[in-house]
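Scroll down for the structure; my scribbles are underneath it.
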Amino acid sequence: MKNLIRGLALFGLLAGPFIAMAQDTKFGQLGQELPTPNTYRTASGAPGHQYWQQRADYTIKVELNDENQSVTGSETITYTNNSPDVLTYLWVQLDQNIFEPKSMSNITQTGTLQDRMSTAAVEHLTREAFDGGYKIRAVKDRNGKDLKYTINNTMMRIDLPAPLKPKQSYTFSIDWFNFINDQKALGGRGGYEYFPGDGNYLYEMAQWFPRMAVYDDVNGWQHKQFLGAGEFALPFGDYKVSITVPADHIVASTGELQNASQVLTSAQQKRFADAAKADKPTLIVTQEEATQAEKNKAKGKKTWVYSAKNVRDFAWASSRKFIWDAMNVKVGNQNILAMSYYPKEANPLWGQYSTESVAHTLKVYSKHTIDYPYPVAISVHGPVGGMEYPMLSFNGYRPEADGTYSANTKYGLITVIIHEVGHNFFPMIINSDERQWTWMDEGLNTFMQYIAEQEWEKGYPSRRGEPANIVDYMKSAKNTQVPIMTNSESVLQFGNNAYGKPATALNILRETVMGRELFDHAFKEYANRWAFKHPMPADFFRTMEDASGVDLDWFWRGWFYTTDHTDIAIEGVKWFTIDSQNPDFVNAQKREQQNKAPQTLSQQRNLQDIKRTRLDERPELADFYNKYDPLATTATDKERYQKFYASLSDNEKKVLDSGLNFYEVGFRNLGGLVMPLIVRMEYEDGTDEVVNIPAEIWRYNNEEVTKVFVTEKPVVSFTLDPFLQTADTDLSNNSYPRRMAPSRFDLFKQNRQQQPNPMQQQRQESSRGAGNGNSGSNR
Ligand SMILES: [Zn+2]
């Protein structure tokens with residue numbers, strides 16, 4: 001604001017030509033990056049008129065052995081070839097094989113040795129191998145004849161006796177056995193937990209049966225090996241699953257229970273019917289009943305039969321420790337059962353929050369995508385921190401043994417349930433290829449999770465979604481980042497890359513680039529177009545543009561195909577006002593400037609030291625110029641001005657008299673991402689104004705641009721991105737004049753929680769105060 005420049009011709013300023021090299025690198029349309037549209041997938045991002053997908057229907061019988069923690073299963077798969085292609089073999093996924101000691105996942109683990117290592121780390125390197133993986137006992141055709149098969153790590157090829165032609169189905173069966181992993185020791189997306197307090201097991205069964213791989217128009221067979229990070233690609237189908245477990249177990253499962261009268265007591269059946277009409281969580285199995293079951297292990301067995309329609313997977317959980325509650329949720333015209341299954345160790349937290357969180361998720365996600373189409377939605381507590389399946393999810397977070405919990409545990413639980421139940425939409429219904437693209441389910445789901453969290457309670461502590469929260473990742477070392485468009489198994493900084501960054505990118509699209517109305521319509525359109533189908537990245541990118549009329553190629557290019565970040569700086573501001581040429585005004589201004597001009601050091605000293613000048617001593621040396629005031633307005637000056645003014649048109653006079661301020665603001669793109677410029681101008685009188693300039697301002701020059709702002713009131717400061725909308729990584733260069741911004745380090749220190757469990761602390765304090773040592777475990 002120091003550049004007070006006068007004497008500039010007004011019309012020159014307004015008509016100044018803008019000269020820059022045309023540069024469309026960052027605004028070029030996505031060409032080679034996207035596949036060529038065809039009859040299966042259109043250029044608009046919708047399924048094409050010849051879109052097809054395969055189908056796999058399953059009938060499965062499985063028995064859980066609670067003595068040695070294993071399962072024995074047999075399944076019949078009917079595979080329908082809806083493709084235009086003839087298939088000579090089928091690929092089946094054997095995900096349990098990741099637990100084989102010599103699995104590709106195990107032997108490709110990288111590692112380093114240090115001079116000093118913890119005993120746990122050494123144990124990890126030397127631990128005795130778990131005898132995991134499928135023992136395939138038979139692969140037969142529908143007549144019981146053996147089929148030729150080849151196992152390649154986590155994939156199995158079954159050679160067909162005769163080619164499978166388009167529109168034909170093929171039915172075959174697989175028998176298998178496998179030990180279940182101890183989830184707490186070995187990790188995994190499923191597994192068992194042993195509770196030493198009562199000697200019981202809780203099983204969460206995932207990737208537990210050989211599953212058909214996807215054959216599609218983009219990849220052919222998707223049989224990239226399962227290494228642990230890349231999740232699953234699965235076709236839709238109907239399932240009928242009979243699960244045999246100890247007679248006192250409660251089984252939670254994908255689908256609807258078919259034989260309630262055989263597995264539930266009449267009291268439980270009555271409560272189940274009541275819960276289906278309840279508008280709050282209602283118990284079907286109480287804590288007292290579950291605690292009782294823990295003590296008397298039943299000898300017999302029971303078979304629970306579940307049926308699920310149009311799902312891409314099937315999971316279940318089983319334990320005699322389960323408490324079970326349910327409530328009704330109405331979405332559209334459909335009544336859905338929201339349910340939770342959890343051991344007493346999860347209370348009081350789970351009884352209060354789990355089923356409510358399930359219900360909340362269904363409501364919010366349905367509003368933004370499609371109405372939840374399944375009859376049930378379930379949250380199960382066990383060893384797994386968070387994992388999703390159709391209709392059913394596994395969620396971690398449990399309170400302390402005394403029933404208290406930290407804020408982190410409470411919000412962690414609500415968050416994970418929203419997230420895992422939310423996965424019903426992405427990828428269980430909008431069925432993307434998780435083995436290839438993690439962001440298509442995790443990113444979209446985390447974006448929706450943020451919206452659902454904010455609708456749970458005001459000020460909900462969302463970890464992801466807000467642009468400011470992704471800044472640390474965006475400015476992390478570039479050799480620790482890969483573009484979002486990277487295969488799942490090769491993603492670095494997994495949570496930030498595949499969850500946080502895409503979720504934030506969508507939030508920025510919604511709030512800043514597109515606006516809520518255009519974004520919400522396009523996002524819902526994507527969900528509707530691809531529900532119960534297999535979308536690819538291009539289908540999402542294209543649909544978001546097609547339905548909104550907003551060119552987003554620059555955004556996908558920057559945020560999804562590069563590791564650039566946002567850092568835009570205000571480089572400088574030049575302030576122009578109009579030279580009115582009115583001599584009275586101009587001269588007064590010049591005199592004011594003169595008076596304000598600083599005195600040099602010599603001038604200051606001379607004023608002190610030189611007591612008398614020669615002129616003081618000899619006044620006769622003075623002439624006309626010693627009295628002449630060059631800033632005094634003369635009659636000639638006035639006459640000249642009046643002539644000039646009379647020569648102007650009415651419009652020109654108006655501009656000349658306006659007293660407008662012109663600011664030329666220079667912006668520099670330091671981070672690489674071209675982004676909208678959100679500029680706040682604060683005026684001399686304390687008021688302010690915010691101007692939003694679309695990212696297209698960068699289309700001629702991706703690195704530096706200048707923009708002229710015209711204001712009536714003088715501006716005292718310019719601020720870029722005042723509401724933290726763009727994940728700008730350096731706020732210290734966002735103001736003019738410059739302002740000091742607190743460092744991220746300071747913010748981190750301020751936000752750090754001092755008391756991890758104030759609930760426990762307060763309870764201990766009050767029990768001490770009451771002279772009562774009883775910690776009052778509330779199970
Ligand atoms: Zn997830």
Using the alpha-carbon centroid of each, what span in Å lies between segment 471-501 and segment 238-301? 43 Å
Over its Cα atoms, what ratio of radius of gyration to 2.2 N^0.38 Å does segment 330-401 give? 1.14
Relative intensity, log₁₀ I(q)/I(0), of segment 360-434 from a Debye sum that treats every alpha carbon as a point, q = 0.12 Å⁻¹: -0.35
Under 5 Å between amide hydrogens, which residues at least 5 positions from A298 or on another chain qualify, with H placed 1.01 Å from N in the peptide plane? D248
Quote the accessible area belonging to H223 in square angstrom, nearest 10, computed with a 1.4 Å probe and with ligands, DNA and RNA left uncounted. 70 Å²
Could you pull out the trypsin sites (Lys or Arg not before Pro) across segment 105-207 that fall in loop regions by DSSP (anything but H, G, I, E, B) with no more than 11 other Cβ atoms inside 10 Å? R116, R127, R142, K145, K148, K167
Set the bar at 20 Å for Cα to Cα. Now go through K167/K240; K363/K524; K643/K713; K165/K224; K590/K638 and name every pair that lies beyond it. K167/K240; K643/K713; K165/K224
Excluding residues on the same chain fewer than 8 positions from K302, give the aspartates and glutamates whose Cα lies under 20 Å from its Cα. E63, D66, E67, E75, E204, D248, E256, E289, E294
Identify the trypsin sites (Lys or Arg not before Pro) of segment 226-284 meeting these criteria: DSSP loop state and at most 12 other C-beta atoms within 10 Å of the C-beta. K277
For segment 586-679, just say rounded, prolate or oblate: build the C-alpha gyration tensor, square-root its eigenvalues into a ≥ b ≥ c, call rounded for a/c under 1.5, and beyond that prolate if a/b exceeds b/c, oblate if not. oblate
So who's got an amide H within less than 5 Å of the one on T282, skipping anything under 5 residues away but keeping other chains? H placed 1.01 Å off N, in plane. A326, M327
State, as an integer percentage, the relative contact order of the chain based on alpha-carbon contacts under 8 Å between residues 6 or more apart. 13 percent
Quick one: order D115, D433 from most to least accessible surface, probe 1.4 Å. D115, D433
The base-10 log of I(q)/I(0) that the Debye equation returns for the chain at q = 0.04, 0.06 Å⁻¹, one scatterer per C-alpha, is -0.26, -0.51
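What does the helix-only formula give at 222 nm for the chain: each DSSP H stretch with n ≥ 4 adding -39500 (n - 2.57), the total divided by the residues, and the result rounded to the nearest 500 deg cm²/dmol?
Per the formula, -7500 deg cm²/dmol.
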Over the chain, what percent of the accessible surface lies on carbon and sulfur atoms, probe 1.4 Å? 50 percent
Gap separating the Cα centres of segment 680-703 and segment 522-592, nearest whole Å: 10 Å
Apply the Karplus parameterisation 6.51 cos²θ - 1.76 cosθ + 1.60, with θ equal to phi minus 60°, to every residue of segment 435-442 and state each ³J(HN,Hα) to the nearest whole Hz, in sequence, with x for glycine and proline. 4, 9, 10, 5, 5, 5, 9, 5
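Would you work out the relative contact order for segment 423-533, in percent, from Cα pairs under 8 angstrom that are 6 or more residues apart? Numbers along the way, then the final one.
Values: 123 pairs, mean separation 38.7, N = 111.
With pairs under 8 Å counted, the relative contact order is 35 percent.
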For every other residue with a beta carbon closer than 14 angstrom to the beta carbon of G144, add +1 if it is Lys or Arg and -1 if Asp or Glu, then tell me the sum. +1
Whole-Hz couplings from phi, Karplus 6.51/-1.76/1.60, listed for segment 479-489; x for Gly and Pro: 7, 10, 10, 10, x, 3, 7, 10, 4, 3, 6
Kindly report the accessible area of the chain per residue (heavy atoms of protein chains, probe 1.4 Å, no ligands, DNA or RNA), in Å². 48 Å²
Of all DSSP beta bridges in the chain, antiparallel share, percent nearest 5: 85 percent
Segment 306-374-segment 144-161 distance, computed between alpha-carbon centres (Å): 37 Å
Which trypsin sites (Lys or Arg not before Pro) in segment 618-668 sit in a loop by DSSP (not H, G, I, E or B) and have at most 13 other Cβ atoms within 10 Å of their own Cβ? K627
Among all the aspartates and glutamates, which ones have a C-alpha under 20 Å from K611's C-alpha, if same-chain residues fewer than 8 places away are not counted? E620
Rounded to the nearest 10 Å², the accessible area of Y397 at probe 1.4 Å: 90 Å²
Please get the size of the charge dipole for the chain, origin at its Cα centre, with Cβ charges of +1 on Lys and Arg and -1 on Asp and Glu, quoted in debye to the nearest 20. 840 debye
Per-residue HN-Hα couplings for segment 193-206 [Karplus 6.51, -1.76, 1.60; θ = phi - 60°; Hz; x = Gly/Pro]: 10, 9, 9, x, x, 10, x, 10, 10, 10, 10, 10, 9, 9
Distant-in-sequence amide H partners of L492 (H built 1.01 Å from N, under 5 Å): V482
Calculated log₁₀ intensity ratio I(q)/I(0) where the Debye formula runs over C-alpha points of segment 517-628, q = 0.23 Å⁻¹: -1.27
Probe 1.4 Å - accessible area at R542, Å² to nearest ten: 40 Å²
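The values are calculated or read from the model by the stated rules, or taken from the named source; none is laboratory data. Nothing here was measured: the structure is a model prediction, and the numbers come from that model. Here Cβ is always computed from backbone atoms with ideal geometry, including for glycine, and neighbour counts include all displayed protein chains. We work out accessible area using only protein heavy atoms, side chains counted, and drop any ligands, DNA or RNA first. Shrake-Rupley method; radii C 1.70, N 1.55, O 1.52, S 1.80 Å.
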